[in-house]
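Peer 1: Let me begin by handing over the structure; questions about it come next.
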Amino acid sequence: MLATTIIYGFAGICLFVLGLRGVLLHTTALARILALNVCGAGVFLLFVVLAYRGAGMTPDPVPHALVLTGIVVAVSATALALALARRLREIDHD
Amino acid sequence: MSELLWVLFDLVLAGLTVGLAWVAVATRELRRGVLLFVGLGLLLAVIWARLRAPDLALAEAAIGAGIAGALLIAALRDEIGVSAEPEDGYTASRRLVDLGAIGLLLALSWGLLDAFLLSDGVRLAEGVAERLGESGVINPVTAVLLNFRAYDTLLELAVVFAAVLGVLSVGPARPALEAGSLVLTGLVRWLVPILVVVAGYLLWVGAHAPGGAFQAGAMLAAVAVLLRLGGVAHAGLPGTAATRWLLVLGIGVFVIVGLSVMFADRAFLQYPGDIAGVLILVIEIAATLSIATALALAYLGGRPVGWEADCDSPQHRVNRGAADRGGDA
Amino acid sequence: MPDVLALVSIALAIVFYAAGSIGLLRLPDLLSRLHALTKADNLGLGLLATGVALLAGDLVIGIKVLLVWVLVLAASASSSHLIARYSMQAGNRGHGE
């Protein structure tokens, strides 16, 4: 159980840091939005790892509900960011 | 032995996920990055299943990989010819970012180990398990989402609504794709009714098994994406006025239910135990429709054809028809 | 007995998945890669679904798993067709591209 939480917890941290690095280094909006999503996925992974309590146990449903909310909010924020990026490109082209 | 096998499985799965994320973020080709991101979403869905979070596995596959992937792929078409290449000449600041990233990685890892090895935190899970019987549903995640922390979910619907208002106000929708090959339109025709049934099923089982409003809403939004790919310009959305009502239905029903329980001397959103199940189902049906509409509009990427015409004239049907013909020509 | 059948079926599925993955990595052009993928993965998933349904030992679950397989078959066949068609239109005529 401890091995599982440490492995996936570390993976979550890696996703977060990789995403953050991508957000800072990329210059195009789409690549940044993608990196931000990877960053968010890392946070979700950490939450779910914190909820996990071993193979035979029921996990904590509260972080699960938070992550479910988070996934939907992340996709709406992505949609808004993409729409803004598209508008910015249009303005640049005019 | 089986314990060791699981550790091996965890290592492979976590390693694959991190590797895929690395390539998806670091690649210089946007298209490659987006496709790998969809793959990453599917791997995450497997991880959620492994960590005993089937509700999240469903949501991740449908929303995180499916809808977000569709959004990013649609956005790719706007960016043809653009590469995601980080500009050279900033090598000094790149080094700085890399150093910072490594520092952050170490600090967070230390924090993680500290959290797992030293402290035995207080959990809300016991509270949820204790009072699950009063929630009106059996699936604890649905109980948390729509009863114990219903306030959060209401505000979340408001966030989704606000994001879609933003998308709608930024500009018109992308031009529709022309109808593709016969195979695709045939598949769409065949899949759409099945997906609608699956959405209804997910909504219904959410009370006692993995599923619920978000997964069902994403499934309906997938119908819209499929229809749009099959050449249906309005993506299955009804007329403009009806679309607007669908968009606010979720929040509206949620607030009305939340307020009406106050007449029975209860707090806002504190459902009476005996009818909680019914109230949750009513809210979930409304939320499903709103989420589906919101995600479908997000996929269109802006105001659908005929949206402005409605603002000025009460004869929206007539105008919408005219605008549709104009748009298709 | 069903358990043994299930294990055999899942083991065969793994063989097909491995063959499909190797084909995807090793074959020279797009069309033959697609061929390897669809043939191997469809049959692989079919065997996997059979194995899982046998392990579950429940008719309703079995039907659901079967439905998953049929949906994946339809989706994978159609998307392969679309990819191949797109590649033909883009000027790829098969071997040696």
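The values are calculated or read from the model by the stated rules, or taken from the named source; none is laboratory data. Everything quoted here is computed from the prediction, not taken from an experiment. Note: ideal-geometry Cβ built from the backbone for every residue, glycine included; neighbour counts use all protein chains shown.
Okay, residues lined up against (1) surrounded by fewer than 17 Cβ atoms within 10 Å (Cβ to Cβ); (2) among the aliphatic types (A, V, I, L, M); (3) in contact with a His (Cβ under 9 Å, 6 or more places away or on another chain):
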site: B:181; (1), (2), (3): yes, no, yes
site: B:185; (1), (2), (3): yes, no, no
site: B:212; (1), (2), (3): no, no, no
site: B:216; (1), (2), (3): no, yes, no
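Residue-wise test of (1) free of Cβ contacts under 8 Å to residues at least 12 places away in the same chain; (2) among the aliphatic types (A, V, I, L, M); (3) outside any helix (DSSP H, G or I).
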residue	(1), (2), (3)
C:18	yes, yes, no
C:23	no, no, no
C:42	no, no, no
C:51	no, no, no
C:91	yes, no, yes
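Peer 1: What's the number of the only condition in (1) over 20 Å from residue B:106 (Cα atoms); (2) more than 8 Å from chain B (Cβ to nearest Cβ); (3) among the aromatic types (Phe, Trp, Tyr) that residue A:52 fails to meet?
Peer 2: Condition (2) is where residue A:52 drops out.
Peer 1: On the basis of being more than 7 Å from chain B (Cβ to nearest Cβ), out of contact with any Cys (no Cβ under 9 Å at 6 or more places or on another chain), touching a residue at least 24 places away in the same chain (Cβ under 8 Å) and more than 15 Å from residue B:64 (Cα to Cα), does residue A:11 make the cut?
Peer 2: Values: more than 7 Å from chain B (Cβ to nearest Cβ): no; out of contact with any Cys (no Cβ under 9 Å at 6 or more places or on another chain): yes; touching a residue at least 24 places away in the same chain (Cβ under 8 Å): yes; more than 15 Å from residue B:64 (Cα to Cα): yes.
No, not satisfied.
Peer 1: Condition first: within 7 Å of chain A (Cβ to nearest Cβ) and either under 15 Å from residue B:273 (Cα atoms) or surrounded by fewer than 24 Cβ atoms within 10 Å (Cβ to Cβ) (or both). Now tell me which residues in the stretch B:144-155 satisfy that.
Peer 2: The first filter runs over the stretch B:144-155 and keeps only residues within 7 Å of chain A (Cβ to nearest Cβ), leaving B:144-145, B:149, B:152-153.
Matches in the stretch B:144-155: B:144, B:149, B:152.
Peer 1: Pick from A:92, A:60: which is within 30 Å of residue B:2 (Cα to Cα) and acidic (Asp, Glu)? Full working, then the answer.
Peer 2: Numbers: A:92 fails: within 30 Å of residue B:2 (Cα to Cα).
None of the others qualify; the one that does is A:60.
Peer 1: On to the next question. Regarding the stretch A:20-28, can at least one residue be identified that is more than 12 Å from the chain's Cα centre (by Cα), modelled with pLDDT under 90, more than 7 Å from chain B (Cβ to nearest Cβ) and surrounded by fewer than 20 Cβ atoms within 10 Å (Cβ to Cβ)?
Peer 2: No, the stretch A:20-28 has no match at all.
Peer 1: Condition first: touching a strand residue (DSSP E or B) at 6+ places or on another chain (Cβ under 8 Å) and part of a loop (DSSP other than H, G, I, E, B). Now tell me which residues in the stretch B:163-197 satisfy that.
Peer 2: B:171, B:173, listed by residue number.
Peer 1: Considering only the stretch A:7-53, state which residues are part of a loop (DSSP other than H, G, I, E, B) and in contact with a Leu (Cβ under 9 Å, 6 or more places away or on another chain). Before the answer, list the steps.
Peer 2: The first filter runs over the stretch A:7-53 and keeps only residues part of a loop (DSSP other than H, G, I, E, B), leaving A:26-28, A:52-53.
The answer is A:26, A:28, A:52.
Peer 1: Also, quick follow-up: Among what's in the stretch B:21-51 and is surrounded by 17 or more Cβ atoms within 10 Å (Cβ to Cβ) and within 13 Å of residue A:28 (Cβ to Cβ), pick the residue that is farthest from the other protein chains (Cβ to nearest Cβ).
Peer 2: Among those residues, the one meeting the criterion is B:27.
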